[in-house]
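*Asks:* After the structure tokens below, expect a handful of questions from me.
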């Protein structure tokens with residue numbers, strides 16, 4: 001578990017499944033993530049998250065004082081296989097309030113300093129300006145763009161200072 005000024009970041013567990021399902025079914029959240037996921041796909045993903053491989057991590061983010069669900073952060077192998085990718089999804093009602101900055105920052109720190117990863121990447125659609133802005137704010141650098149999932153994607157990275 002991790003704690004920030006306003007967030008609790010806890011490993012995903014069975015009791016979190018409905019909150020995460022709601023994320024996967026939210027058209028605003030999924031706008032730049034391939035759209036609303038089909039129910040079968042959600043079930044498969046929830047099973048993966050409940051039984052992660054040794055190189056994958058899934059956390060729910062909750063508001064520290066109310067325990068209200070805010071979002072989801074993950075760290076798992078990137079599509080290209082060389083590095084771990086940080087991914088995140090937050091409820092639209094929480095956008096623009098700094099929760100993603102707090103939570104994603106902690107997980108990047110964990111990846112680089114506790115897991116001793118040399119590099120962490122993030123991939124987002126070029127069109128997702130708020131996500132690009134967040135990644136830059138967190139110290140990630142735009143490495144390159146690729147055409148994947150039917151649109152132009154930005155690949156950001158941050159490297160360990162060790």
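*Asks:* Would you please name the residue that is surrounded by the fewest Cβ atoms within 10 Å (Cβ to Cβ), looking only at residues in region 115-130 that are in contact with a strand residue (DSSP E or B) (Cβ under 7 Å, 6 or more places away or on another chain) and closer than 14 Å to residue 161 by Cβ?
*Replies:* 118
*Asks:* Another one. With respect to residue 122, is the statement that it is under 17 Å from residue 57 (Cβ atoms), out of contact with any helix residue (DSSP H, G or I) (no Cβ under 8 Å at 6 or more places or on another chain) and at pLDDT 95 or above true?
*Replies:* Numbers: under 17 Å from residue 57 (Cβ atoms): yes; out of contact with any helix residue (DSSP H, G or I) (no Cβ under 8 Å at 6 or more places or on another chain): no; at pLDDT 95 or above: yes.
Spelling it out, it is not the case that residue 122 is under 17 Å from residue 57 (Cβ atoms), out of contact with any helix residue (DSSP H, G or I) (no Cβ under 8 Å at 6 or more places or on another chain) and at pLDDT 95 or above.
*Asks:* Before we move on, is residue 30 in contact with a strand residue (DSSP E or B) (Cβ under 9 Å, 6 or more places away or on another chain), more than 18 Å from residue 103 (Cβ to Cβ), in a loop (DSSP other than H, G, I, E, B) and at pLDDT below 90? Steps first, please.
*Replies:* Values: in contact with a strand residue (DSSP E or B) (Cβ under 9 Å, 6 or more places away or on another chain): yes; more than 18 Å from residue 103 (Cβ to Cβ): yes; in a loop (DSSP other than H, G, I, E, B): yes; at pLDDT below 90: yes.
Spelling it out, residue 30 is indeed in contact with a strand residue (DSSP E or B) (Cβ under 9 Å, 6 or more places away or on another chain), more than 18 Å from residue 103 (Cβ to Cβ), in a loop (DSSP other than H, G, I, E, B) and at pLDDT below 90.
*Asks:* Taking region 131-151 on its own, how many of its residues are closer than 20 Å to residue 89 by Cβ and either in contact with a helix residue (DSSP H, G or I) (Cβ under 9 Å, 6 or more places away or on another chain) or surrounded by 12 or more Cβ atoms within 10 Å (Cβ to Cβ) (or both)?
*Replies:* First, pick out the residues of region 131-151 that are closer than 20 Å to residue 89 by Cβ: 131-138, 140, 148-151.
Then keep just the ones that are either in contact with a helix residue (DSSP H, G or I) (Cβ under 9 Å, 6 or more places away or on another chain) or surrounded by 12 or more Cβ atoms within 10 Å (Cβ to Cβ) (or both); that gives 131-132, 134-138, 140, 148-149, 151.
The total comes to 11.
*Asks:* For region 3-24, which positions are farther than 16 Å from residue 48 by Cβ and surrounded by fewer than 14 Cβ atoms within 10 Å (Cβ to Cβ)? Can you show your working first?
*Replies:* Residues of region 3-24 that are farther than 16 Å from residue 48 by Cβ, as a first pass: 3-10, 15, 18-19, 22.
Result: 3, 5, 15, 18, 22.
*Asks:* With the checklist (1) under 21 Å from residue 32 (Cβ atoms); (2) more than 15 Å from the chain's Cα centre (by Cα) in hand, flag the one item residue 63 doesn't pass.
*Replies:* (1)
*Asks:* Taking into account only those residues within region 33-43 that are assigned to a helix (DSSP H, G or I) and surrounded by 12 or more Cβ atoms within 10 Å (Cβ to Cβ), which is modelled with the highest pLDDT?
*Replies:* Of the residues in region 33-43, the ones assigned to a helix (DSSP H, G or I) are 39-43.
Imposing the further condition that a residue be surrounded by 12 or more Cβ atoms within 10 Å (Cβ to Cβ) reduces the set to 41-43.
Values: 41: 89, 42: 90, 43: 93.
Filtering region 33-43 for residues that are assigned to a helix (DSSP H, G or I) and surrounded by 12 or more Cβ atoms within 10 Å (Cβ to Cβ), the one modelled with the highest pLDDT comes out as 43.
*Asks:* Go through (1) modelled with pLDDT under 95; (2) farther than 17 Å from residue 111 by Cβ one by one and return the number of the condition residue 14 breaks.
*Replies:* That leaves (1) as the condition not met.
*Asks:* What is the number of the single condition among (1) in a loop (DSSP other than H, G, I, E, B); (2) farther than 20 Å from residue 128 by Cβ; (3) touching a helix residue (DSSP H, G or I) at 6+ places or on another chain (Cβ under 6 Å) that residue 60 does not meet?
*Replies:* Going through the list (1) in a loop (DSSP other than H, G, I, E, B); (2) farther than 20 Å from residue 128 by Cβ; (3) touching a helix residue (DSSP H, G or I) at 6+ places or on another chain (Cβ under 6 Å), residue 60 breaks only (1).
*Asks:* Among the strands (runs of 3 or more DSSP E) contained in region 72-150, which hold 3 or more residues that are within 12 Å of the chain's Cα centre (by Cα) and under 23 Å from residue 45 (Cβ atoms)?
*Replies:* Working: elements: 84-90, 119-125, 141-148.
In region 72-150, 84-90, 119-125 are the strands (runs of 3 or more DSSP E) which contain 3 or more residues that are within 12 Å of the chain's Cα centre (by Cα) and under 23 Å from residue 45 (Cβ atoms).
The values are calculated or read from the model by the stated rules, or taken from the named source; none is laboratory data. Everything quoted here is computed from the prediction, not taken from an experiment. For neighbour counting, all protein chains shown are included, and Cβ atoms are generated from backbone atoms with ideal geometry for every residue, glycine included.
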